[in-house]
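K.L.:
Structure in structure tokens, see below.
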Amino acid sequence: MNTEKFEKAVLKTIKGNNLLDKREKVMVAMSGGKDSTTTAYLLKKFGYNIEALHINLHMGKWSEDNMENVKTMCKQNKIPLHVFSIKSELGNTICYIKQVVGSQTKYKQCTICGILRRWLINKKARQLKATKLATGHNLDDEAQTALMNLFKGNMMLGINSGPKVGLFEDKMFVTRIKPLYYCKEDDVRKYSQTMKFPVLYQRCPCVIGAYRHEVRNYLNALEKKNPHIKENIVKSYMKILPELRAVVEQNGLRYCKECGEPSRNDICKACQIRMKIR
Ligand code: AMP
Ligand code: ZN
């Protein structure tokens, strides 16, 4: 693994896409996995003003180990860390919420978890006065999402694609940035292993059976014949993204009547879920 080359590529994504500048306060959403750990490490190494935020999902030993790893990483790299608990914030563990809500709505279990995490992460980053929120999304994640939206026949669902999300100013929405946007998952894994970061490499224990898993395997198989396939998918999506975003900008971003967070509907998806567990 050529770590220098990898680091240069990440810096190129940051600078080339104008992701952030050194005066900003960046909150890195750290799950304890290789991607967000690498993101936090590199932003710190490049001299950005970062802090970290971790959500404890209370999924037994999996969550305990992830939280310990995030704490170790932040301590080693002198990154201030803010930990929040899904149980304290929503009153229940994620497993309970997924079970109860999953049986009452069309949402898949991983979708429920994703909606609640994004909702909480945005809210907390804003309350902590961050100007940017960095996540560990990589090229594989983005190519999978693009393909899944295409298969669903709804490219509008990919409005949050791109290395920078939230291009129009909104006081409630913290602009999200993805410094690993053009990095293949395999390269991130190799970098993280070479750097001996304290991370778990297994996937979330609940992910088995997820549709994304099938798309991942499919793309990895196709990549053997065309090594640029993931990059090509993402770049094609990027070409139509300005048009998709223009539609949302025209309609304006609304705010959830229940929680006040940014939403495309009267009641945001997170509140629709929260109402089911009250
Ligand atoms: P995922 O939806 O699991 O692919 O995660 C996408 C991104 O969300 C990760 O790269 C992290 O930046 C962030 N993230 C996921 N889980 C957590 C968590 N428990 N706490 C904080 N950030 C998280
Ligand atoms: Zn809401």
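The values are calculated or read from the model by the stated rules, or taken from the named source; none is laboratory data. In this text, all values refer to a predicted model and were calculated from it rather than measured experimentally. All Cβ positions, even for glycine, are placed from backbone atoms using ideal geometry, and neighbour counts span all protein chains on display. Surface accessibility is based on the protein's heavy atoms, side chains included, excluding ligands, DNA and RNA. Shrake-Rupley method; radii C 1.70, N 1.55, O 1.52, S 1.80 Å.
K.L.:
Which three semi-axes in whole Å describe the equivalent ellipsoid of the stretch 57-196, each the square root of 5 times a Cα gyration tensor eigenvalue, listed largest first? Before the final figure, lay out each step's value.
P.N.:
Working: eigenvalues 109, 99, 67 Å².
Computed over the stretch 57-196, the values are 23, 22, 18 Å.
K.L.:
Count neighbours as other Cβ atoms within 10 Å of each site's Cβ, and list the GluC sites (Glu not before Pro) in the stretch 186-234 that are DSSP loop with at most 10 such neighbours.
P.N.:
Details: sites: E214, E223, E231; in loops: none.
When the GluC sites (Glu not before Pro) of the stretch 186-234 are filtered for loop state and at most 10 Cβ neighbours within 10 Å, nothing remains.
K.L.:
Among bridges DSSP assigns within the chain, what percent are antiparallel (round to 5)?
P.N.:
Details: 4 of 20 bridges.
Bridges in the chain are about 20 percent antiparallel.
K.L.:
Can you give the three extents of the C-alpha atoms in the stretch 124-186 along their principal axes, from longest to shortest, in whole Å?
P.N.:
37, 28, 17
K.L.:
If we sort 180-188, 32-40 on the protection proxy, mean other Cβ atoms within 10 Å, highest first, what's the order? Walk me through the numbers before you get to the answer.
P.N.:
Numbers: 180-188: 21.0, 32-40: 25.0.
Averaged packing, sorted descending, gives the order 32-40, 180-188.
K.L.:
Using a Förster distance of 35 angstrom, determine the FRET efficiency expected from the C-beta separation of I267 and N220, and round it to 0.05. Spell out each step's value before the answer.
P.N.:
Details: r = 38 Å, r/R0 = 1.08.
With R0 = 35 Å, the Cβ-Cβ based efficiency is 0.40.
K.L.:
So which chymotrypsin sites (Phe, Trp or Tyr not before Pro) in the stretch 190-228 end up in coil per DSSP with only 15 or fewer other C-beta atoms within 10 Å?
P.N.:
Working: sites: Y191, Y201, Y211, Y218; in loops: Y201.
Those satisfying the criteria are Y201.
K.L.:
Once each part is reduced to its C-alpha centroid, what is the distance from the stretch 211-278 to the stretch 127-178 in angstrom?
P.N.:
When both Cα centres are located, 7 Å separates them.
K.L.:
Calculate log10 I(q)/I(0) of the stretch 36-130 for q = 0.18, 0.19 Å⁻¹, where I(q) comes from the Debye formula with a single equal point scatterer on each Cα and nothing for solvent.
P.N.:
Per q value, in the given order, log10 I(q)/I(0) is -0.89, -0.96.
K.L.:
Ranked highest first by the average count of other Cβ atoms within 10 Å around their residues, in what order do 50-62, 82-94 fall? Spell out each step's value before the answer.
P.N.:
Details: 50-62: 19.3, 82-94: 16.2.
The most tightly packed comes first, giving 50-62, 82-94.
K.L.:
Rounded to the nearest 500, what is the chain's calculated 222 nm mean residue ellipticity when only DSSP H runs of at least 4 contribute -39500 (n - 2.57) each, over all residues?
P.N.:
Values: 11 runs with 144 residues, N = 278.
It lands at -16500 deg cm²/dmol.
K.L.:
Before anything else, pin down the relative contact order of the stretch 32-93: Cα pairs under 8 Å, at least 6 apart, normalised by residue count, whole percent.
P.N.:
Working: 63 pairs, mean separation 24.6, N = 62.
Taking the mean separation of contacting Cα pairs over the length of the stretch 32-93, I get 40 percent.
K.L.:
On a full-extension model of 0.36 nm per residue, what is the gain between Q127 and I277, subtracting their alpha-carbon distance, rounded to one decimal in nm? Let's see the in-between values first.
P.N.:
Details: separation 150, 0.36 × 150 = 54.00 nm, distance 2.45 nm.
Net length gain for the segment: 51.6 nm.
K.L.:
Find the accessible area per residue for the chain; the probe is 1.4 Å, ligands and nucleic acids are left out, and the unit is Å². Show your work: numbers first, answer last.
P.N.:
On the way: 14200 Å² over 278 residues.
Roughly 51 Å² per residue, with all protein chains present.
K.L.:
Using the beta-carbon distance between C206 and M148 and R0 = 25 Å, what value does 1/(1 + (r/R0)^6) give for FRET efficiency, to the nearest 0.05? Present the calculation step by step, with values, prior to reporting the outcome.
P.N.:
Working: r = 18 Å, r/R0 = 0.72.
Computed FRET efficiency for C206 and M148 comes out at 0.90.
K.L.:
In addition: Give me the percent of accessible area attributable to carbon and sulfur for the chain, probe 1.4 angstrom. Please report the intermediate quantities before stating the final value.
P.N.:
Values: 7360 of 14200 Å².
The computed percentage sits at 52.
K.L.:
In nm², what is the average projected area of the convex hull enclosing the Cα atoms of the chain? Intermediate results must be reported in sequence, preceding the final value.
P.N.:
Details: hull surface 56.8 nm².
Projected over every direction and averaged, the Cα hull of the chain covers 14.2 nm².
K.L.:
Just to compare against my own numbers: the Cα pair-distance distribution for the stretch 234-278, 10 Å bins, whole % per bin, please.
P.N.:
Each 10 Å bin holds this share of Cα pairs: 26, 34, 27, 13, 0.
K.L.:
Which distance in Å, rounded to a whole number, links the C-alpha centroids of the stretch 90-104 and the stretch 22-64?
P.N.:
The distance from the Cα centre of the stretch 90-104 to that of the stretch 22-64 comes to 25 Å.
K.L.:
If you don't mind, another one. Quick one: what does P(r) look like for the stretch 133-245 with 5 Å bins over all Cα pairs, in whole %?
P.N.:
So the P(r) values, bin by bin, are 2, 10, 18, 23, 20, 15, 8, 3, 0, 0.
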